[in-house]
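Read the structure below first, then the notes.
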Amino acid sequence: MKFFILAILCSFPYIGKSQSENLTTQLYDTYDTYKETTLGKRRIKRADIQPLIDKFSANEKFRVSTVGKSIGGKDLSLISIGTGETDVFLWSQMHGDEPTATQAIFDILNFFDSPDFKMEKEAILANLTVHFLPMLNPDGAELFQRRNLLGIDINRDALRLQSPESKTLKRVRDSLDADFGFNLHDQSTYYNAERTEKPATISYLAPAYNYEKDINETRGNAMKIIVFMNDILQRYAPGQVGRYNDDFEPRAFGDNIQKWGTSTILIESGGYPEDVEKQEIRKLNYTSILSAIYTIAKKSYESIAIEEYEKIPENDRKLFDLKILRASYTLMGNTYTIDLGINQIEVDYPDHNRFWYSSRILDQGDLSTYYGYETLHADDYTIKEVKVYPKTLNTLEEIKALNFKDLLKQGYGYVRMAAIPTKHINSPFPVHLIGPKYKVPELKLEPGINPTFLLEKAGKIEYAVINGFLVNLNEGKINVPNAMIYK
Ligand SMILES: [Zn+2]
């Protein structure tokens, strides 16, 4: 009899796991049905989510309230659903330029609004009350910047509580006395899973609540949920998960919310190859967070071993957008072998709705411990200077008519104009535009310069790097979103 009971008990977690795996697969596969299509890029503003908040306000399934205002007077809204005893609280974008999870939250709300997944939703809504606070820093979002209008990092204001956004987060957390908290952020796309070339597409942390990094039940439950979510990520983005250093930060919200008794899960959305607007990462947020909510409702996370948490690789920051490996470079008559680490850096247009690129060499030398989203093994290549096209042109139409690939093959990457059109702040072509008197400086590789050079092999130009984007001159189309203007 004793043996029989034990056998039943042991089989429970197993059944739970396969059930939730099925749900995860279905969530991932049907994602497009629930994706909030009015949001599709990273630069979103409070005004973009207002119609969605209005839509859920008018829907009796949801309870929507204004729980505070930002310094700039923008509403902070809380959207709740469910009647269960366990409270789950999710907040996003306390850093204004970290919008991926805000988009995923509206996908999740659409899921709850739909008639599908009836059984799973009943289980969630009977056991949990789920609360969403999307875009905690709407003033920062307006400017696509990390900090709020006071110029502070809200995530260092958990104790002093100077900002109204911080006060709101604390007050809502306290009033709910939430059992679980999801602290939703974006991180730099240059993070990788340590000692691998894989980007940290998602990084996790169960923040410490003291300097000793003790693990109590609250923090332990957060670790279990992270182990659960990591399993999901490994299915869709194998190797692309990192774990944050858990040094205690006494001023941060995550650490304090953990301390205040809410099992807190920090999720950082990082990079994914060829996903500039992070829409695949948004989908992974949707799938993994909803699956986690389900596992909290079913309590099936309880049997997960905390030790698994430590096995998730640590986060590192060793990625470049483009890595050029072992190229030859001649300086003052001598030739050296050099690696280049290049980042394609975004610059916002004044309206903060769109961006352009102003790329930089970040580092050079032996970069053999670093990785690239794109890597060129340049052993047989010599770095050469880009030349100015000999003819001065008058209009953008004339430039547009040029054969850029031919130009680059001949080594021309700068085109001089009689007058640079004033309304342009960058070149829409894969060549730099220069003013009538501009003198192109001699190529001297150093961190901080715009990466513009040619790669020559046996006397033939095979690649060009223009504004940090690699162009293979033997194949395909030229992928240089923009080049620079030098007046
Ligand atoms: Zn953040």
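Give me the percent of the accessible area of the chain that comes from carbon and sulfur atoms, probe 1.4 Å, all protein chains in place.
Carbon and sulfur together cover 51 percent of it.
Counting only heavy atoms of the protein chains and using a 1.4 Å probe, Phe117 has close to 30 Å² of accessible surface. The C-alpha atoms of the chain occupy a region whose extents along the principal axes are 86, 53, 43 Å, arranged from largest to smallest. Other residues lying with their Cβ under 12 Å from the Cβ of Pro273 contribute a combined charge of -4, Lys and Arg counting +1, Asp and Glu -1. Taking 7 Å steps out from each Cα toward its Cβ at Asn59 and Lys387 produces label points 6.2 nm apart. Between the residues His352, Thr102, Pro199, the greatest Cα displacement towards the positive end of the dipole of the chain, with unit charges on the Cβ of Lys, Arg, Asp and Glu, is found for His352. Sorting Glu308, Glu475 by accessible area puts them as Glu475, Glu308; the probe is 1.4 Å, largest comes first, and only protein heavy atoms count. Hydrodynamic analysis of region 395-487 uses the Kirkwood radius over alpha carbon pairs. Inserted into Stokes-Einstein at 10 °C and 1.306 mPa s, it gives a translational diffusion coefficient of 115 µm²/s.
Could you state the accessible area per residue of the chain in Å², with a 1.4 Å probe and every protein chain left in place?
Values: 21550 Å² over 487 residues.
About 44 Å² of surface per residue is accessible.
Legend: helices of the chain (whole DSSP H runs) are marked when their alpha-carbon atoms reach 24 angstrom or more along the helix axis and their mean Kyte-Doolittle hydropathy is at least -1.0; marked are 2-29, 217-236, 279-298. Report the FRET efficiency, 1/(1 + (r/R0)^6), for Lys69 and Lys41, where r is their Cβ-Cβ distance and R0 is 30 Å, rounded to 0.05. The formula returns an efficiency of 0.70 here. Length available on full extension from Asn474 to Lys439: 0.36 nm per residue minus the Cα-Cα distance, which gives 9.6 nm. Neighbours of Ile449, meaning other residues whose beta-carbon lies under 13 angstrom from its beta-carbon, give a summed charge of -2 when Lys and Arg score +1 and Asp and Glu score -1. Cβ-Cβ distance of Leu331 and Lys487, R₀ of 22 Å, FRET efficiency by 1/(1 + (r/R0)^6): the value works out to about 0.15.
Summarising the label geometry, the points placed 7 Å from Cα in the beta-carbon direction at Glu217 and Ala458 lie 7.2 nm from one another. In straight-distance terms, cross-link reach from Lys437 covers every one of the lysines whose alpha-carbon lies under 27 Å from its own, apart from those fewer than eight places away in the same chain; here that gives Lys384, Lys387, Lys391, Lys400, Lys405, Lys409, Lys423, Lys487. A convex hull fitted to the Cα coordinates of region 121-259 yields 142 cubic angstrom per residue. Under the combined filter of DSSP loop state and at most 14 neighbouring Cβ atoms within 10 Å, region 149-242 retains these GluC sites (Glu not before Pro): Glu212. Here each label is just a point 7 Å from Cα along the line to Cβ, and for Asp380 and His424 those points are 3.7 nm apart.
The values are calculated or read from the model by the stated rules, or taken from the named source; none is laboratory data. Note that the structure is a prediction, hence the values are computed from the model and not measured. Here Cβ is always computed from backbone atoms with ideal geometry, including for glycine, and neighbour counts include all displayed protein chains. Only protein heavy atoms, including side chains, enter the accessible area calculation; ligands, DNA and RNA are left aside. Shrake-Rupley method; radii C 1.70, N 1.55, O 1.52, S 1.80 Å.
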